[in-house]
Amino acid sequence: MTVRPALTHAALAAGLALLAGAAGAQTVLKIGYSTTKESHYGVGSTVFCDAIAKGTANRYSCQQFPNNALGGEREMIEAVQLGTQDLVNTSTGPLGNFVPESKIFDIPFLFRNYDHARKVMDGPIGQDVLKKLQTKGLIGLAWTENGFRHMTNSKRPIHAASDASGLKIRTMENKVHMAGYKTFGLLPTPMPFPEVFTALQQGTVDGQENPIPVILSSKFSQVQKHLSLTGHVYSPAVIILSPNVWSKLSDADKKVFTDAAAAAAVAQRKKVNDDEANGIAQLKKEGMLVDEKVDGDSFRKAVAPAYAEFAKEFGADKIAAIQAVK
Ligand code: PAF
């Protein structure tokens, strides 16, 4: 008889501890990105968030902040580094300011096509750079994708590099892009993405360059007449986690997070494929005049001399190693 109350108390205490543990372990992580929830970044981020919730029995979940709600990509990377934001799904546009090794991927006309780019990012070259993020207080979970960038503007069709000459184009805050675009005769104007729509609307810049999923989801057809499928540079993206969160994860949870990011990459890339396949017709319907057969050689010829500078900065052997991936 005397044992019973003791057992009851013990059971009660254990039950309360379990409940408190379960409640205490519920962590909601903030993930930010620049485009809409329906866009490629939203699709990838949702797959990631669903997978970590499932894999940790809801001990971890996400609150998503699309549409630059937490700021531009540079600001978000900074916040993840500081630990005031948990996650970002971002292009490499501003990443080179934190991890210089990533800048090599921003060289115009480095990648032949999606297959080539994805093989490099998922292979030893890309994975080495992904690991380098750790040395800068950032945990790179997986390369996702923004896509090949194309030019839009409000002034005239761009068919060859000579047509680009003199156009004031918003670029990412990325020195490699800017150096490359100058060789096309463009006047690059770096600007955080949250300011771009208004700048295009007000004519502060003539144009911008972004992948089809961004042109679609950001409704640039409302403020840009001409789209040229230049595919002048591949824009990788990456899911980055704050080391504050990473250091608290068990090994099993770390695997859940990296597997979730790998699944996000697959979904995000599929959305890029789908938008590339269907988005051009949509943009035409919305009134854009699209040059689907630009003179790519004229752009490649224009940028060729800049490769000597890129080789000095990154190493000719490193550039050649990327180009050699089949
Ligand atoms: O142009 C940019 O800044 C980027 O491509 C964007 C739209 C923020 C997506 O990564």
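Quick notes on this structure:
- In Hz, Karplus ³J(HN,Hα) per residue of the stretch 172-179 (6.51, -1.76, 1.60; θ = phi - 60°; x = Gly, Pro): 5, 7, 9, 5, 5, 4, 4, 4
- Put simply, when 243-253, 175-185 are sorted by average Cβ atoms within 10 angstrom per residue, most first, you get 175-185, 243-253.
- Of the GluC sites (Glu not before Pro) in the stretch 246-326, those whose Cβ has at most 10 other Cβ within 10 Å and which sit in DSSP loop: 292
- Label-reachable residues, the stretch 41-63, where backbone N falls under 14 Å from a point 7 Å from residue 248's Cα toward its Cβ: 59-63
- For the chain, the Cα gyration tensor yields ellipsoid semi-axes of 43, 21, 16 Å (square root of five times each eigenvalue, largest first, whole Å).
- Note that the stretch 298-304 has calculated 3J(HN,Hα) couplings of 5, 6, 4, 5, 4, 7, 3 Hz, one per residue in order, obtained from phi through the Karplus relation 6.51 cos²θ - 1.76 cosθ + 1.60 (θ = phi - 60°); glycine and proline are x.
- Amide proton proximity set for residue 173, modelled H, under 5 Å, gap of 5+: 191
- The amide H of residue 65, built 1.01 Å from its N in the peptide plane, has 31, 32, 33 as neighbours under 5 Å, considering only residues 5 or more places off or on other chains.
- Counted residue by residue at 0.36 nm each, then reduced by the alpha carbon distance between them, the extension gain from residue 323 to residue 37 reaches 99.6 nm.
- Distance between the 7 Å Cα→Cβ label points at residue 197 and residue 127: 4.0 nm.
We did not get these values from a lab; they are worked out from the coordinates using the rules stated. All figures in this text were calculated on a predicted structure; none of them were measured in a lab. Every residue, glycine among them, receives a Cβ derived from its backbone with ideal geometry; neighbour counts consider all protein chains shown.
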